[in-house]
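Every read-out reported here was derived from the displayed coordinates using simple, explicitly stated rules and does not represent laboratory data. Small disclaimer: the values here were computed from a predicted structure and weren't measured. Please note: Cβ atoms are built from the backbone with ideal geometry, for glycine as well, and neighbour counts cover all protein chains shown.
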Amino acid sequence: MVCSSYLRSLIIRAGNTGIFTKTRVRLNNIQWSLHAVPALGLNYTWRCEFRRCLKMMVDSGAAAKRGPVTDLLLDKDDDGGFVSGGWKSEDRKLSCGYSSFRGKRATMEDFYDIKTSHIDGKSVCMFGVFDGHGGSRAAEYLKEHLFENLSKHPQFLTDTKLAISAHVFISVEDEMKHQISLSLCESYQQTDVEFLDSERDSYRDDGSTASTAVLVGNHLYVANVGDSRTVISKAGKAIALSDDHKPNRTDERKRIENAGGVVMWAGTWRVGGVLAMSRAFGNRMLKQFVVSEPEIQDQEIDEEIELLVLASDGLWDVVPNDDAVALARMEEEPESAARKLTETAFTRGSADNITCIVVKFHHNNNADPAKIPA
């Protein structure tokens with residue numbers, strides 16, 4: 001049982017963050033953000049029915065030239081440490097759903113973030129899953145700051161001009177790809193430095209993964225640190241757009257050993273016998289070896305690209321890429337797909353927090369609005 005004083009404090013905190021808000025909200029010329037919150041510590045079993053969902057949408061800072069006023073969906077709550085929700089773009093070309101579940105863990109260390117805006121006349125959507133370890137602070141910090149830092153980066157979506165350097169011709173498209181990749185790398189590492197600085201007086205040493213997808217018009221950039229993962233469905237085939245950063249990866253092991261570190265077996269391959277991933281935010285004591293530099297892949301979104309799945313390893317540990325895509329394709333609404341993936345991972349025995357985002361692309365501009373998820 002939860003003591004009355006503790007329950008009362010939770011209710012107060014929930015009220016302060018707007019969990020119990022049942023009204024429709026308008027944000028005036030600001031970028032909006034969806035994010036997860038730690039579960040309230042209530043008991044949950046696999047028999048619990050996924051009855052209702054919580055849509056928490058909190059505004060956050062954005063770069064200049066933001067998009068139009070956006071209506072937020074009504075909030076809904078659940079009593080089992082489970083949250084889910086969804087959104088669709090105004091032009092109905094894009095819809096997404098998210099689902100996050102504490103699962104068998106005593107605490108919730110997963111966070112996620114979804115942002116949309118217009119920057120320099122370009123439509124930009126940002127999706128991220130952050131899986132904390134050793135505590136939730138690092139993952140929460142990423143949710144609060146990573147996309148903010150990215151959108152404020154001076155080279156992110158600047159007016160791209162034809163570049164000629166040392167007699168080498170660089171196309172407008174290639175120059176934009178270079179700028180966005182540079183922005184992602186620098187924003188990741190800037191955020192890591194700022195997080196470590198914010199925790200310099202703390203005795204904690206938690207860390208977090210980050211798997212992010214940035215959609216600029218019809219071009220997708222996936223940046224990954226750690227063992228969360230991003231997968232697309234192309235004509236029904238699952239294609240991973242990130243490669244898990246595990247210490248036993250040949251290139252990662254070589255990098256760690258060249259830096260003076262060691263990879264050893266301790267139930268699984270671990271950096272220094274401690275950390276089961278080779279890249280992460282935070283982890284001050286291992287920072288020389290466990291870097292926050294992302295690996296970046298880009299993908300043009302054409303009519304063969306159906307959907308995108310980002311998830312923490314609580315999903316990927318028990319649901320292969322092909323299964324995830326097959327399950328997501330069975331659901332018309334991305335929120336339903338995200339919930340189904342979360343539930344499937346739990347019933348298959350995942351012992352971790354489970355968080356996923358499903359993004360669906362609607363290529364038919366003249367599609368019947370009634371057939372596009374609300």
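Observations on the structure shown:
- When the C-alpha to C-alpha distance is required to be over 26 Å, the pairs from 143/237; 93/340; 234/254; 152/246; 104/360 that qualify are 143/237; 234/254; 152/246; 104/360.
- The ranking of 176, 330 from fewest to most other beta carbons within 10 Å of each one's beta carbon is 330, 176.
- Using 0.36 nm per residue and subtracting the Cα-Cα separation, the extra length available between residue 258 and residue 300 on full extension is 11.6 nm.
- Least to most buried among 323, 251 (fewest other Cβ within 10 Å first): 251, 323
- Debye intensity ratio I(q)/I(0), log10, the stretch 248-354, q values 0.21, 0.22 Å⁻¹ (C-alpha model): -1.08, -1.11
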